[in-house]
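Here the structure is laid out as structure tokens; the discussion comes afterwards.
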Amino acid sequence: MAFFRYSVIKEDTLDMPFKNLSVSKNHIAIWNRKQVKIYELICDASKSDEEKIQRTEKGSFTCTPTNVILFDQILFIMENGRINVMSFQGTSRQQLTFAQNEGDACNMNLNGSYLVVGSTKGFVKVFDISRSSDDDRVSVVKGEG
């Protein structure tokens with residue numbers, strides 16, 4: 001773990017083998033095909049080198065994700081062609097869906113507050129996730145090809 005703002009680097013071992021990870025301002029999510037764990041990382045530059053970075057587990061739950069994205073205090077979990085909006089404890093808050101003719105979600109990425117999701121049938125949806133309503137979708141585009 002590194003906090004370059006404070007020139008602090010700390011090696012740490014996580015308690016779960018993971019396939020991938022996602023980071024946000026103060027959180028890191030790690031996952032494999034069975035589980036997701038979320039940690040909060042706090043850097044206190046006034047403490048000694050050994051104590052500057054503190055890692056606290058904020059949540060852990062069982063699922064089979066293919067992708068996970070952190071945004072603020074929520075997770076976007078891609079699982080079985082669907083995207084579930086979840087809390088750090090694994091409670092489902094909402095589901096982002098494609099219509100049947102648009103295919104299943106197969107890829108997602110985040111840029112600022114825009115979640116971009118691609119489907120198996122070439123559709124791309126862009127969600128403004130700083131807003132809570134499903135009607136705040138920015139655009140739906142069908143790819144050529």
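The values are calculated or read from the model by the stated rules, or taken from the named source; none is laboratory data. Since we're looking at a predicted model, the values are computed, not measured. Counting neighbours? That spans all protein chains shown, and the Cβs are built from the backbone with ideal geometry, glycine included. Surface areas here come from the heavy atoms of the whole protein model, side chains and all, with no ligands, DNA or RNA. Shrake-Rupley method; radii C 1.70, N 1.55, O 1.52, S 1.80 Å.
Annotations
- Accessible-area rank, largest first, for LEU14, LEU41, LEU21: LEU21, LEU14, LEU41, with all protein chains present and a 1.4 angstrom probe.
- A Förster radius of 25 Å, combined with the Cβ-Cβ distance separating SER130 from LYS47, puts the computed FRET efficiency at roughly 0.15.
- Once the Cβ-Cβ distance of SER92 and GLN54 is raised to the sixth power relative to R0 = 30 Å, the FRET efficiency obtained is 0.55.
- Site pair ASN109 and GLN73 shows an inter-label distance of 3.0 nm when each label is modelled 7 Å from Cα along Cα→Cβ.
- The slack in the chain from VAL116 to PHE61, taken as 0.36 nm per residue of separation less the alpha-carbon distance, amounts to 17.3 nm.
- Linear extension gain, LYS19 paired with LYS34, 0.36 nm per residue minus alpha-carbon span: 4.4 nm
- 3J(HN,Hα) from dihedral phi, region 112-117, Karplus parametrisation 6.51/-1.76/1.60, rounded to Hz, x for glycine, proline: x, 9, 10, 9, 9, 10
- For the residues THR62, THR91, a 1.4 Å probe over the protein chains yields an accessible-area ranking, largest first, of THR62, THR91.
- Computed on protein heavy atoms with a 1.4 Å probe, the accessible areas place CYS63, CYS106 in the order CYS106, CYS63, largest first.
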